[in-house]
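Shown next, in structure tokens, is the structure this report addresses.
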Amino acid sequence: MNYILFDGPFRENLLPLTFTRPVADIRIGISTIREKWEYYLKSEVSIVTQAYLSKKFPTHTAEDNIFINASVFPNTELVNEINSIEHGKILKNDGITIAYKINHEFIDSFDFEKGLVSIQTLSEVDILENTWDIFAKNEKYLKLDFQQITNAQNSKALSDTNFVRGDKNLIFLEEGAIVEFAYLNTENGPIYIGKDAEVMEGSKIRGPFALCDNSTLKMDAKIYGATTIGPHCKVGGEINNSVFFGYSNKAHDGFLGNAVIGEWCNLGADTNNSNLKNTYEEVKLWSYAQKRFIKTGLQFCGLIMGDHSKSGINTMFNTGTVVGVSCNIYGSGFQRNFIPSFSWGSPLGMKSFNLKKSFQVANVVFKRRGLEFDAAEQEIFTYIYKDEQG
């Protein structure tokens, strides 16, 4: 069977993070949603997403295809239901499409909402609907991913230089991981250290926590769960209930809480975000879908930052701030609560970031990781830039 993950109806709710990736490539827990589905399906999947992203994220079709809503998290019962779908059937939950099965000949022309027979799922369904769900649900999926990834696997031995509080068996080190002179607390959840990742001396970690492959936790870092540091990151300072997708840095002191940081971001020294209003009121957050600030239902909500954005030293982000793609932010005082993509400036004023200059910066950043900011990446930037400029 050929499986294809599609963006689904919540893609706009998940902007700016989905400007540069399909919903399936959002990281929550240890792995991405795509990787979670591949684990449960025991099969590779492809993606159907926005047209301007399709060159980077192509769709692979076959004679028989099952399309799955990428905002839905997999579980064993749901996967069994999906694999039992007959041709021409669409699996729904409270009016939301979960999955459907069609032949290759109908992919481009078939109006499945009208033409398929609707059936209701009997399984428990968990859905990623908003950006803040990423850190709000991170504890749940960190624990689930830890069980799945470490099941029947042997951890690399933990050095005796470390101080452990809680169950030592809830600490797992992949091959090449380095952890020395650290304080590790597993009383509230597990601690996962990926391949060739390093926890530098003096770091204090409360699980659940994941430091993914090739990432570094800098000296004297203070980490509160549930926090995920994706691959190829360098992170320090104080962090609470936050998710870094990957390839991003917060290498110095400063507080980050209840936040989501995309890829290729850099937070300058002593960058801080507020995650709680002085009035203790519910936090509102900018919605791209509704083009206004909306209630999150949360008392704690910090920063959502799209890919390739940067902050200068001593930058202050207010409670419930959304930053778009490829922004360069600096200056004293609290930043605006919504900063559109390709913005350059400070609280005193913003201007549009030159598109060619953004190419140059991204190209330098990619080269540092041995990667190429190629034509497909440039086309994605160009589309977002034109879309944001109106």
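None of the figures in this text is laboratory data; all of them are computed from the coordinates on show. As the structure is a computational prediction, the values presented were derived from the model and not from experiment. Ideal geometry is used to build each Cβ from the backbone, glycine not excepted, and the neighbour counts take in all protein chains shown.
Amide H to amide H, with H built 1.01 Å from N, ILE96 comes under 5 Å of no residue 5 or more places away or on another chain. Residue pairs exceeding 32 angstrom between C-alpha atoms, taken from LYS55/LYS351; LYS36/LYS204; LYS92/LYS310; LYS92/LYS168; LYS89/LYS284: LYS92/LYS310; LYS92/LYS168; LYS89/LYS284.
For the chain, state the semi-axes of the equivalent ellipsoid (square roots of 5 times the eigenvalues of the alpha-carbon gyration tensor), sorted largest first and rounded to whole angstrom.
On the way: eigenvalues 215, 152, 77 Å².
Ellipsoid half-lengths, sorted descending, are 33, 28, 20 Å.
Antiparallel beta bridges, as assigned by DSSP with both residues in the stretch 2-129, represent about 50 percent of the total such bridges. Note on ASP213/VAL117: beta-carbon distance plugged into 1/(1 + (r/R0)^6) with R0 of 45 Å gives a FRET efficiency of 0.55. With both residues required to sit in the chain, DSSP beta bridges show an antiparallel share near 25%.
Taking the Cα centre of the stretch 267-316 as origin and charging only Cβ (+1 Lys, Arg; -1 Asp, Glu), how large is the dipole, in debye to the nearest 20?
Values: 6 positive and 4 negative charges, 50 e Å.
Around 240 debye, computed over the stretch 267-316.
Could you tell me which of rounded, prolate or oblate describes the stretch 154-207, using a ≥ b ≥ c as the square roots of the eigenvalues of the alpha-carbon gyration tensor, with rounded for a/c under 1.5 and, failing that, prolate when a/b is larger than b/c and oblate otherwise? List each step's numbers first, then the result.
Numbers: a/c = 1.61, a/b = 1.19, b/c = 1.35.
Note, shape of the stretch 154-207 comes out oblate.
Build a GNM of the chain with springs between Cα atoms under 10 Å apart, and of ASN337, ASN258, ASN103 the one that fluctuates most is ASN103.
Relative contact order for the chain: what percent, with Cα pairs under 8 Å and sequence separation of 6 or more? List each step's numbers first, then the result.
Details: 1012 pairs, mean separation 39.8, N = 390.
Relative CO of the chain lands at 10 percent.
With N the number of residues in the stretch 2-129, Rg(Cα) / (2.2 N^0.38 Å) evaluates to 0.98.
FRET efficiency for the pair LYS156 and ASP126, taken as 1/(1 + (r/R0)^6) with r the Cβ-Cβ distance and R0 = 30 Å, rounds to 0.40. Taking amide H as placed 1.01 Å from N in the peptide plane, LYS204 has its amide H under 5 Å from the amide H of TYR183, ALA221, LYS222, ILE223, each at least 5 places away in sequence or on another chain. The modelled label-to-label distance for the pair LEU355/TYR183, using points 7 Å beyond Cα in the direction of Cβ, is 5.1 nm.
Proximity of backbone amide H atoms, modeled 1.01 Å from N, is registered between PHE353 and SER343, TRP344 at under 5 Å, excluding neighbours fewer than 5 places apart on the same chain.
Separation of the alpha carbons by more than 20 angstrom is noted, of LYS56/LYS357; LYS156/LYS367; LYS56/LYS367; LYS218/LYS277, for LYS56/LYS357; LYS156/LYS367; LYS218/LYS277.
For the chain, modelled as a GNM whose springs connect Cα atoms under 10 angstrom apart, the maximal fluctuation among GLY333, GLY29, GLY320 occurs at GLY333. When only Cα pairs below 8 angstrom with a gap of at least 6 residues are kept, the stretch 2-129 shows a relative contact order of 27 percent. In the structure displayed, which of LYS137/LYS386; LYS222/LYS250; LYS42/LYS250 lie more than 24 Å apart, Cα to Cα? Check vs 24 Å cut-off fails for LYS137/LYS386; LYS42/LYS250.
How about LYS356: which aspartates and glutamates have a C-alpha closer than 14 Å to its C-alpha, ignoring those fewer than 8 places off in the same chain? Once the sequence-local aspartates and glutamates are set aside, what remains near LYS356 is ASP374, GLU377, GLU379.
In the neighborhood of ARG165, defined by Cβ-to-Cβ distances under 10 Å, what is the net charge if each Lys or Arg adds +1 and each Asp or Glu adds -1?
Numbers: positive: LYS168, ARG206; negative: ASP167, GLU187.
Taking every Cβ under 10 Å from that of ARG165, the sum is 0.
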